[in-house]
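Taking it in order: structure first as structure tokens, then the write-up.
What follows is calculated from the coordinates using simple rules that are stated; it is not laboratory data. Nothing here was measured: the structure is a model prediction, and the numbers come from that model. Note: ideal-geometry Cβ built from the backbone for every residue, glycine included; neighbour counts use all protein chains shown.
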Amino acid sequence: MAKEVILDCMGEACPVPLIKTENALKKLEIGDVLVVQIDHSCAMKNVPEWARKEGHNVEIEEVDDGEWEVIIEKTK
Amino acid sequence: MDIKKNKYYQAWFKNAWTYVTGAVLLSLFQIVTMATTNDPWGVSGPFANWGAWIFRAIGGSVDKWNYFSSQGAQATLSAGFLNDPGSIRNLGIIVGALFATLMASQFKFKKIKSSKQIVAAMAGGLLMGYGARIGFGCNIGALFSGIASLSVSGWVFALFLFFGAVVGSKFLVKYFM
């Protein structure tokens, strides 16, 4: 059963959200979903960029003014 | 029609511009800066002037300080904030950044997450400010403007900026993750 994990990166500036995402994703199984909550616009660029380069499925959702959720499905 | 779905709104204000667009614009405005002020673009230098003005406003004097001892530095300080192109430009950067965030409706007051963040921000700010002044330039004045002026010093700065960033990242991962 695939699980969904929330990673709270609110108030964190680059490169902290990216490093936290890398570490969190390592602990997940294939098929699991990681939801990274961010409010730093640079992280909205570099977190999805990194995850797509790694080959995972990525979606970005703008949840509020200056707040995003990067939804990453681990594929390998 | 919903302005958020308008393609011109999205292209100009909502979506991040590409690195190439940014690079071309920075180069063009560097030329404009050189042509209008006779100085290359710098950011941290005017901040030292702001500090001097604040220090003067509370009754201090920087006249004997080595950093401000040159005639040029004294003339800039006496002319005041409104006659210092660098100060006005720094103000423009802050106002422009605010305008861009508001237009993209991405403005947000961010919460301070931990006391570690305060310590890191203060330590980082002090180190960057001190380094920028002792090195006569930050990543704009020394790196960008240095390289744009075909000066070797800009490339030397870039090399050591890289080593500094490596060390800084190691500290960050070790103490702030």
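Points worth noting:
- Cross-link pairs beyond the 25 Å C-alpha cut-off, checked among A:Lys26/B:Lys110; A:Lys45/A:Lys74; A:Lys3/B:Lys113; A:Lys45/B:Lys7; A:Lys45/B:Lys111; A:Lys53/B:Lys113: A:Lys26/B:Lys110; A:Lys3/B:Lys113; A:Lys53/B:Lys113
- The helix-based estimate of mean residue ellipticity at 222 nm for chain B, built from -39,500 (n - 2.57) per DSSP H run of four or more residues and divided by its residue count, is -20500 deg cm²/dmol to the nearest 500.
- Normalised per residue, the volume of the convex hull around the Cα set of the protein assembly as shown (Å³): 183 Å³
- Once C-alpha pairs closer than 8 Å and six or more residues apart are averaged by separation and normalised to the residue number of chain B, the relative contact order reads 24 percent.
- Over the stretch B:82-177, all Cα pairs binned in 5 Å intervals from 0 give whole-percent P(r) values of 3, 10, 12, 17, 17, 20, 15, 5, 1, listed from short to long.
- Placing one equal scatterer on every Cα of the stretch B:20-123 and applying the Debye formula, the log10 ratio I(q)/I(0) at q = 0.11, 0.16, 0.20 Å⁻¹ is -0.53, -0.97, -1.13.
- Computed magnitude of the charge dipole of the stretch A:4-73 (debye, nearest 20; Cβ of K, R +1, Cβ of D, E -1): 480 debye
- Dipole moment magnitude, nearest 20 debye, the stretch B:29-177 about Cα centre, only Lys, Arg, Asp, Glu C-beta charged: 760 debye
- Max mean-square fluctuation residue, GNM over chain A, Cα-Cα springs under 10 Å, options A:Val35, A:Val47, A:Val16: A:Val16
- Relative contact order for chain A, counting Cα pairs under 8 Å that sit 6 or more residues apart, in percent: 34 percent
- Shielding by partners, peptide A:54-64 (average Cβ within 10 angstrom, other chains): 1
- Spatial offset of the stretch B:1-42 relative to the stretch B:105-160 amounts to 21 Å, using the alpha carbon center of each.
- Rg(Cα)/(2.2 N^0.38 Å) for chain B, N = residue count: 1.23
- Taking a sphere under 12 Å around the Cβ of A:Leu28 and counting the other residues whose Cβ falls inside, with K and R at +1 and D and E at -1, yields a net charge of 0.
- Dividing the alpha-carbon radius of gyration of the stretch A:4-73 by the rule-of-thumb value 2.2 N^0.38 Å gives 0.97.
- Cut-off 15 Å between beta-carbons: net charge of the residues surrounding B:Ile112, Lys and Arg +1, Asp and Glu -1: +2
- Highest-MSF residue in chain B out of B:Ala52, B:Ala11, B:Ala97 [GNM, Cα springs under 10 Å]: B:Ala11
- Per-residue Karplus couplings for the stretch B:163-177, computed as 6.51 cos²θ - 1.76 cosθ + 1.60 with θ equal to phi - 60°, are listed in order as 4, x, 5, 4, 4, x, 5, 4, 4, 4, 5, 6, 10, 10, 9 Hz, Gly and Pro entered as x.
- Crossing angle, helix A:16-26 versus chain A [Cα axis fit, 0-90 degrees, rounded to tens]: 10 degrees
- Along the axis of the charge dipole computed for the stretch B:63-168 (Cβ charges of +1 for Lys and Arg, -1 for Asp and Glu, origin at the Cα centre), the listed residues B:Leu98, B:Phe81, B:Ala120 are led at the positive end by B:Ala120.
- Each eigenvalue of the Cα gyration tensor of the stretch B:20-81, multiplied by 5 and square-rooted, gives one semi-axis; in descending order these are 30, 12, 9 Å.
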